[in-house]
Amino acid sequence: MDDLLLKTLVFGGVDGIITIFNIISSVEGAKLNYKYIFILGMAALISDAISMGTGEYLSLNADIKYKINNNINTKKDRIPYRNGILMFISFIVFGFIPLLLYLLINKFFKKNNYIITYFSVILALFTLGVVQSKFTKEKWYISGGQVSLYGGAAAFIAFNISSFISSQFS
């Protein structure tokens, strides 16, 4: 796999999971009705995937043009639209994981829904880190641990910020 494609796949996947789970965490922290999670989650999933895919395309295209105009060697196989599409797909596929998990857990469990979802998403992030380690040759538990730690910390912060702000309006 091309190094840039791996970067795009991992970036889109991690960002998709973390972004959507931060929405879940924020809605939970604010103690809003869980139906808003699906509405906001789907809207953010699609719009952010478009934004990420477009951003990947435009940034890679700009990088290639800069290198060409400044006589800097660039890999000939770097195709901006391919990376943009991969970023979009990666964000959608991985970003749907926390949304689906939350909805399923809410359907089958009546208590501790958020906590169960939180640890399920940490496991999904860990798995993505393990997959990444196959390409980077890092120890699987280090790579998985880093990815899940960063994602877990972001969700923790989102939950507590929304909980605090919500309490200020009560």
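Computed quantities for the displayed model
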| read-out | value |
| --- | --- |
| Flag if PHE91 is in contact (Cβ under 8 Å) with a residue 60 or more places away in the chain and closer than 18 Å to LEU40 by Cβ | yes |
| Checking ILE72 against (1) modelled with pLDDT under 95; (2) aliphatic (A, V, I, L, M); (3) surrounded by fewer than 18 Cβ atoms within 10 Å (Cβ to Cβ); (4) assigned to a helix (DSSP H, G or I), the condition it does not meet | (4) |
| Unmet requirement for LEU128, which otherwise passes all of (1) farther than 16 Å from SER26 by Cα; (2) surrounded by 14 or more Cβ atoms within 10 Å (Cβ to Cβ); (3) free of Cβ contacts under 8 Å to residues at least 40 places away in the same chain | (3) |
| Residue list for the range 14-62, filter: of a type outside the set (S, T, N, Q), assigned to a helix (DSSP H, G or I) and in contact with an Asp or Glu (Cβ under 9 Å, 6 or more places away or on another chain) | ASP15, GLY16, ILE20, ILE37, ASP48, MET52 |
| Residue within the range 77-95 that is surrounded by 14 or more Cβ atoms within 10 Å (Cβ to Cβ), in a loop (DSSP other than H, G, I, E, B) and either touching an Asp or Glu at 6+ places or on another chain (Cβ under 9 Å) or at pLDDT below 95 (or both) present | yes |
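Quick grid of which residues meet (1) closer than 15 Å to SER25 by Cβ; (2) surrounded by fewer than 16 Cβ atoms within 10 Å (Cβ to Cβ):
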{"site": "ALA124", "(1), (2)": "yes, no"}
{"site": "GLU138", "(1), (2)": "no, yes"}
{"site": "ALA158", "(1), (2)": "yes, no"}
{"site": "PHE164", "(1), (2)": "yes, yes"}
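The values are calculated or read from the model by the stated rules, or taken from the named source; none is laboratory data. Fair warning: this is a prediction, and the values are worked out from it, not measured in the lab. Every residue, glycine among them, receives a Cβ derived from its backbone with ideal geometry; neighbour counts consider all protein chains shown.
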